[in-house]
Amino acid sequence: RVFEFHLSSIRIIFVLMNTKLQTPIDYLKGVGPHRADLLRKELGIQTYQDLLNFFPYRYIDRTRFYQIKDLQRHSAEVQLVGEITEIKEVAQKRGKRLVAKFRDETGTMELVWFRGQKWIKNQLKLHVPYIIFGKTNWYNNSFSMPHPEMELKPKDKKELKTGMKALYSSTEKLNNSGITNKVMTGMIQHLFLELKELLFETLPEYLINKEALLTKDKALLNIHFPKTTDLLARAQFRLKFEELFYIQLQLILKNLIHKSKIKGQLFETVGDHFNAFYKSHLPFKLTNAQKRVLKEIRADMGTGAQMNRLLQGDVGSGKTIVGFMSMLMAIDNGFQACLMAPTEILANQHYQGLKPWCDAVGIHIKLLTGSTKKKDRTPIHNALEDGSLQIIVGTHALIEDAVVFKNLGLAIIDEQHRFGVAQRSKLWKKNSLPPHVLVMTATPIPRTLAMSLYGDLDVSVIDELPPGRQAIKTVHRFDNNRLKVNAFLRDEIKKGRQVYIVYPLIQESEALDYKDLMDGFESISRDFPKPHYQISIVHGKMKATDKDFEMERFVKGETQIMVATTVIEVGVNVPNASVMVIESAERFGLSQLHQLRGRVGRGAEQSYCILMTSHKLSDHSKTRLETMCRTADGFEIAEVDLKLRGPGDLMGTQQSGILNLKIADIVKDKDILEHARYYAKFILDKDPSLGFKEHLPILETYRALMTYKNIWNYIS
């Protein structure tokens with residue numbers, strides 16, 4: 001009974017706190033309707049909670065006092081103690097400026113005012129100790145400080161105002177309306193006075209003690225009004241940890257709920273098809289990474305819960321064979337399997353790759369895309385419905401209502417970020433029990449990003465390439481080396497190899513000084529004339545039939561050079577293509593460069609990637625090119641890309657919502673993220689329902705997050 005009373009007391013406090021935090025900002029002392037309207041429109045601050053979580057973007061350190069002799073030429077804001085020895089007005093082109101000579105025991109400098117001179121002159125006192133604060137300028141071999149903040153030095157040291165001054169993001173409209181940094185600070189002071197004892201703890205006591213975290217109320221107070229740099233650092237750590245902890249808690253809980261509530265087909269056996277393929281028809285020996293991933297998939301499909309797994313693997317790491325062997329598990333248990341790809345070219349490539357393996361073990365496989373003729377569709381539909389068609393490979397055509405499976409057990413989705421949620425769920429609804437889902441991607445996702453974007457999925461990584469694959473030699477060449485590059489291409493073509501040349505633009509852009517595709521095609525046609533050389537051209541504005549025709553010519557070896565835009569980034573598999581030339585390589589992102597490079601290096605011969613650029617390169621461009629030449633590790637490349645571009649840009653706008661963080665940064669704070677995920681997992685492993693007494697703060701905070709989704713709008 002005592003415990004139940006304690007529970008209900010805590011719940012009442014949480015309800016009161018969350019109700020108070022949802023109070024519209026209009027009701028806070030010093031705000032009012034006009035200011036509230038501006039805060040809503042300009043900063044998205046609607047409630048007390050929003051203002052509490054409107055954290056400073058920078059701090060000015062008022063804890064340290066400098067001496068004039070210690071000043072540096074490019075100092076940030078500094079604080080000094082001294083006295084004014086002289087005041088004068090100096091004429092200038094327009095009006096006058098007020099200049100005061102300021103002295104401490106180590107030297108002198110000038111204080112300068114360009115406006116409000118009359119009022120300021122009347123306030124200044126000579127030979128009285130002042131504390132001044134501002135940014136210094138170095139001019140004519142001496143320091144000056146324009147428009148310093150000034151106050152008389154108090155006689156009692158206890159009254160000395162030191163500490164960290166918080167600066168808040170603002171807009172021109174807010175400043176013009178009188179909502180300055182000082183006013184914003186005042187509003188937050190009033191907010192703390194109103195909330196008083198209502199800032200309740202959101203993490204368990206044992207976790208706070210173990211990690212020496214500041215309590216929630218102290219962390220919030222010190223993020224807005226830090227007493228020392230140490231307290232500020234501890235407040236930032238505590239709030240970053242909490243923010244990332246609750247994201248991870250939500251994602252892991254989502255996964256646990258998925259596994260406990262969403263039943264899946266039970267695959268109990270590994271049967272004849274799988275064993276026959278493994279023993280007699282494997283085209284190459286599986287890597288340890290592939291074996292590990294297959295074990296993870298097999299374990300998932302044997303639990304009776306629906307598998308929801310993301311399979312990451314660099315270009316050429318052997319994801320397809322893992323996917324195929326997973327399909328064999330479904331077939332051995334009496335179920336069908338499908339593989340959905342984002343484009344017809346990719347679906348075709350998968351089908352051509354899987355067909356010989358299927359034939360070897362006696363499995364019926366078909367291809368279904370938008371181009372499949374009506375007379376061919378009907379028998380495919382019938383065979384899927386009666387169960388005689390065991391594997392279907394296709395595009396969006398697989399989710400049409402006309403496609404009905406007898407018993408779909410496994411759905412593999414390739415490059416899933418190209419499909420919408422509604423499209424994927426349509427595929428899952430093809431059965432009474434949803435099929436197991438394996439999502440494959442050749443786009444390496446940095447670990448921190450995967451934890452935040454796909455934290456609710458089980459993730460498998462194939463992190464080694466099959467034996468015998470030669471590393472692609474990558475070099476950076478400037479445009480003035482083009483004659484040598486062309487000579488190299490001729491040598492490769494003489495050996496019977498083929499070449500890709502990729503351009504970033506389709507039509508000439510006056511604003512950008514880059515070679516466009518058509519101009520490039522003409523130059524290449526002159527340098528590689530017919531009949532000695534045949535050239536294909538492919539770009540996004542071509543009709544699908546024309547594009548496929550040109551691709552097919554290149555695949556068959558009828559053309560030696562493929563001039564293209566990035567439409568070939570995810571596409572044809574041509575083992576004979578050994579050279580990738582990327583024009584204006586500085587225009588491409590790192591992950592795109594890596595994907596393009598992955599189009600070569602698929603055969604036994606040595607392959608090359610040549611990055612062509614002008615001499616004008618930004619620092620970011622130099623970093624991207626240096627990274628490409630230094631490493632072929634897709635995950636290392638993805639980490640560099642994440643640092644250069646940030647999470648929002650890397651994942652695109654659709655998926656950046658979860659990364660709209662208030663204080664944490666998943667690139668800079670990846671150690672805190674891993675720490676937070678560890679504890680979220682540790683707590684949920686021990687107490688999945690968060691029913692333990694010590695976990696009550698977590699349960700109530702989680703409930704509040706789910707109830708008031710505007711509290712932390714980054715919760716996905």
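The values are calculated or read from the model by the stated rules, or taken from the named source; none is laboratory data. What you see is a predicted model; the values in this text were computed from it and never measured. Cβ sites come from the backbone with ideal geometry, for glycine too, and all protein chains shown count toward neighbours. For the accessible areas, the whole protein counts, side chains as well, though only heavy atoms, and no ligand, DNA or RNA atoms are used. Shrake-Rupley method; radii C 1.70, N 1.55, O 1.52, S 1.80 Å.
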**Request:** Look at Trp138 and say whether it is open to solvent by 50 Å² or more (accessible area, probe 1.4 Å) and touching a Lys or Arg at 6+ places or on another chain (Cβ under 6 Å).
**Result:** yes
**Asked** What are the residues in the range 509-526 that are open to solvent by 50 Å² or more (accessible area, probe 1.4 Å) and modelled with pLDDT of 50 or more, if any?
**Response** Lys515, Met518, Asp519, Phe521, Glu522, Arg526
**Prompt:** Looking at (1) aliphatic (A, V, I, L, M); (2) modelled with pLDDT of 90 or more; (3) farther than 30 Å from Ser591 by Cα; (4) touching a helix residue (DSSP H, G or I) at 6+ places or on another chain (Cβ under 8 Å), can you tell me which one Ala305 breaks?
**Reply:** (2)
**Message:** Suppose we filter the range 603-619 for residues that are surrounded by fewer than 20 Cβ atoms within 10 Å (Cβ to Cβ) and under 19 Å from Asp314 (Cα atoms); how many remain?
**Reply:** 3
**Prompt:** With respect to Phe5, is the statement that it is over 30 Å from Ser144 (Cα atoms), modelled with pLDDT under 80 and touching an Asp or Glu at 6+ places or on another chain (Cβ under 6 Å) true?
**Reply:** no
**Item:** Conditions (1) more than 23 Å from Met307 (Cα to Cα); (2) among the basic types (Lys, Arg); (3) in contact with a Ser or Thr (Cβ under 9 Å, 6 or more places away or on another chain): number failed by Lys406
**Value:** (1)
**Request:** Mind listing whichever residues of the range 620-636 are assigned to a helix (DSSP H, G or I), closer than 14 Å to Asp463 by Cα and open to solvent by 50 Å² or more (accessible area, probe 1.4 Å)?
**Result:** Glu636
**Message:** Going through Leu251, Leu256 one at a time, which residue ends up being under 30 Å from Leu294 (Cβ atoms), under 29 Å from the mean Cα position of the chain (by Cα) and open to solvent by less than 10 Å² (accessible area, probe 1.4 Å)?
**Reply:** Leu251
**Which numbered condition Gly44 fails, given (1) of a type in the set (Gly, Ala, Ser); (2) at pLDDT 90 or above; (3) surrounded by 14 or more Cβ atoms within 10 Å (Cβ to Cβ); (4) within 46 Å of the chain's Cα centre (by Cα)** = (3)
**Request:** For the range 477-494, name all the residues that are touching an Asp or Glu at 6+ places or on another chain (Cβ under 8 Å) and in contact (Cβ under 8 Å) with a residue 60 or more places away in the chain.
**Result:** none
**Message:** Could you go through the range 297-305 and let me know if any residue there is over 26 Å from Lys556 (Cβ atoms), more than 33 Å from the chain's Cα centre (by Cα) and polar (S, T, N, Q).
**Reply:** no
**Request:** Scan the range 682-696 and report the pairs whose first residue is without any contact (Cβ under 8 Å) to a residue 24 or more places away in the chain and whose second residue is open to solvent by less than 10 Å² (accessible area, probe 1.4 Å), with Cβ atoms within less than 6 Å and a gap of 6+ or a chain change.
**Result:** Asp687/His695; Leu690/Ile698
**Message:** So the check is Cβ under 8 Å with 6+ separation or different chains; which pairs have a first residue in the range 372-390 that's under 20 Å from Glu344 (Cα atoms) and modelled with pLDDT under 95 and a second one that's of a type outside the set (Lys, Arg) and part of a helix (DSSP H, G or I)?
**Reply:** Thr372/Ile380; Thr372/Ala397
**Request:** Please go through the range 47-83 and pick out each residue that is open to solvent by 20 Å² or more (accessible area, probe 1.4 Å), hydrophobic (A, V, I, L, M, F, W, C) and at pLDDT 90 or above.
**Result:** Phe54, Phe55, Val81
**Request:** Would you please name the residue that is modelled with the lowest pLDDT, looking only at residues in the range 563-579 that are open to solvent by less than 10 Å² (accessible area, probe 1.4 Å), within 24 Å of Arg490 (Cβ to Cβ) and not hydroxyl-bearing (Ser, Thr, Tyr)?
**Result:** Ile568
**Message:** For a quick check of your reading of the model, give me the residue pairs whose first member lies in the range 404-415 and is more than 22 Å from Leu294 (Cα to Cα), whose second is of a type in the set (D, E, K, R) and part of a loop (DSSP other than H, G, I, E, B), with beta-carbon atoms closer than 8 Å and at least 6 apart or on different chains.
**Reply:** Val404/Lys430; Phe405/Lys430
**Asked** What number of residues within the range 91-123 satisfy the criterion of being in contact with a strand residue (DSSP E or B) (Cβ under 6 Å, 6 or more places away or on another chain) and open to solvent by less than 40 Å² (accessible area, probe 1.4 Å)?
**Response** 11
**Complete:** Those residues of the range 141-150 which are open to solvent by 80 Å² or more (accessible area, probe 1.4 Å) and over 14 Å from Ile68 (Cβ atoms) amount to Glu149
**So Phe549, is it open to solvent by 50 Å² or more (accessible area, probe 1.4 Å) and either under 21 Å from Glu636 (Cβ atoms) or in a helix (DSSP H, G or I) (or both)** = yes
**Asked** Can you name the residue in the range 206-244 that is assigned to a helix (DSSP H, G or I) and of a type in the set (Phe, Trp, Tyr) and is also surrounded by the most Cβ atoms within 10 Å (Cβ to Cβ) among such residues?
**Response** Phe241
**Request:** Determine the pairs where a residue that is free of Cβ contacts under 8 Å to residues at least 12 places away in the same chain, located within the range 89-103, has a partner that is open to solvent by less than 50 Å² (accessible area, probe 1.4 Å) with Cβ atoms under 6 Å apart, the partner being 6 or more residues away or on another chain.
**Result:** Val90/Val99
**Asked** Hey, among the residues in the range 194-205 that are of a type in the set (A, V, I, L, M) and open to solvent by 10 Å² or more (accessible area, probe 1.4 Å), which one's modelled with the lowest pLDDT?
**Response** Leu198
**Prompt:** Wholly within the range 128-205, which strands (runs of 3 or more DSSP E) include no fewer than the required count, namely at least 3 residues that are in contact (Cβ under 8 Å) with a residue 12 or more places away in the chain?
**Reply:** 129-135, 142-146, 149-152, 164-167
